[in-house]
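This report concerns only the one structure given below.
The values are calculated or read from the model by the stated rules, or taken from the named source; none is laboratory data. Computed from a prediction, not measured in an experiment: that's the story for all the values here. Here the Cβ positions follow ideal geometry from the backbone for every residue, glycine too, while neighbour counts run over all protein chains shown.
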Amino acid sequence: MAKICIVTDSSVSLYPNEAKQLGIEIAPLSVIIDNVEFKDLLNISPLDVVEAIKAKKDLKTSQPNIGFLDEMMERLKAENYDAILVFSIASYLSGTYSAFRLAADTHGLTHVHLVDSRSAAAPIRHVAIKAREMADRGESVETILAYADRVFKDSVTYILPENIEQLVRGGRVKGAVAALINLLKVKLGLLINYNSSTIEKFDTARTEAKLFTNVIDTMIKHGVTAKSHKIYFPDCEAKDRIEVFNKILQEKMPGIETEVIVLPAGIAVHVGIGAFGIQAVLKD
């Protein structure tokens, strides 16, 4: 049986102890607060990120520390894997994909399969865990990569900020658009999908219930069912909103499996406190 290593980044919201138990290597994204660099989920917690947002500190995120990646690849090379499968946050959201490639090339690792998920959070988390299970069953690299490709191409992410304050602070929503949203008091939905190269506007609605219903109806049109998909909710202190959304979801898709995870710092710093995501991920 081939010796396969599964690697991803901290956008999957797995804590180090969880990743170790699952047999997955995690490269932490960098979180910079007032020019001090931290390693996401390693020496800074989601609560620390929330507190920094509340305090309106200068908050940025970046690709994993190059030194950390260099040490990781040196260690993995010494462990003589037959294949190293790396599932990265979308290359248009972060420089992580390129940083993984540079670190692998620097150490002459020719058996690295680097996959740009074109996504973040739950689809990568789901694939990484499933890939580890498949590898442990003795399934081939090709079979695992084919599964990952199918999941990533199917995945669509909806992000629902509670307000646009953090989007305005980060320059994602500007001027007249921000003023219009505030004036009309509309709710904004954002979208990430495999074929895009940016975070897009999905929808605006006068009420949150209407926005929630529009997301669910769109997922149904996309082919999401309780049998085929699992729904993940990346959360940034939005438990009450998630509970309301899930109630509507269960009415429209009875019995669909759901799980709440942490909204990755790289997204939370842009969409702010009270935001959450909806990610439908193929189970098989």
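For every residue, the table says whether it meets (1) modelled with pLDDT under 95; (2) farther than 23 Å from K3 by Cα; (3) more than 16 Å from the chain's Cα centre (by Cα); (4) not basic (K, R).
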site	(1), (2), (3), (4)
A19	no, no, no, yes
I33	yes, yes, yes, yes
L41	yes, yes, no, yes
P46	yes, yes, no, yes
A55	yes, yes, yes, yes
L59	yes, yes, yes, yes
S62	yes, yes, no, yes
R75	no, no, yes, no
D82	no, no, yes, yes
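Considering (1) more than 30 Å from N43 (Cβ to Cβ); (2) touching a helix residue (DSSP H, G or I) at 6+ places or on another chain (Cβ under 8 Å); (3) small (G, A, S); (4) at pLDDT below 95, the lone condition that A280 does not fulfil carries the number (4). Looking at D154, D136, D116, just one residue is under 30 Å from A238 (Cβ atoms) and in contact (Cβ under 8 Å) with a residue 60 or more places away in the chain, and that residue is D154.
For segment 106-124, the set of residues classified as charged (D, E, K, R) and at negative phi consists of D116 only.
For segment 53-71, the set of residues classified as touching a residue at least 60 places away in the same chain (Cβ under 8 Å) and not in a loop (DSSP other than H, G, I, E, B) consists of I53, K54, L59, K60, T61, listed by residue number. When you scan segment 151-165, do you find a residue that is assigned to a helix (DSSP H, G or I), modelled with pLDDT of 95 or more and more than 16 Å from the chain's Cα centre (by Cα), even just one? No, segment 151-165 contains no residue that is assigned to a helix (DSSP H, G or I), modelled with pLDDT of 95 or more and more than 16 Å from the chain's Cα centre (by Cα). A single entry from K221, K247, K210, K227 fulfils the requirement of being in a loop (DSSP other than H, G, I, E, B) and farther than 29 Å from Q63 by Cα: K227. Restricting attention to segment 174-203, the residues that are β-branched (V, I, T), in contact with a strand residue (DSSP E or B) (Cβ under 8 Å, 6 or more places away or on another chain) and at pLDDT below 80 total 3.
In summary, strands (runs of 3 or more DSSP E) completely within segment 10-49 and bearing 1 or more residues that are out of contact with any strand residue (DSSP E or B) (no Cβ under 9 Å at 6 or more places or on another chain) and in the same structural domain as H126 (by TED's automatic domain parsing) occur at 36-39.
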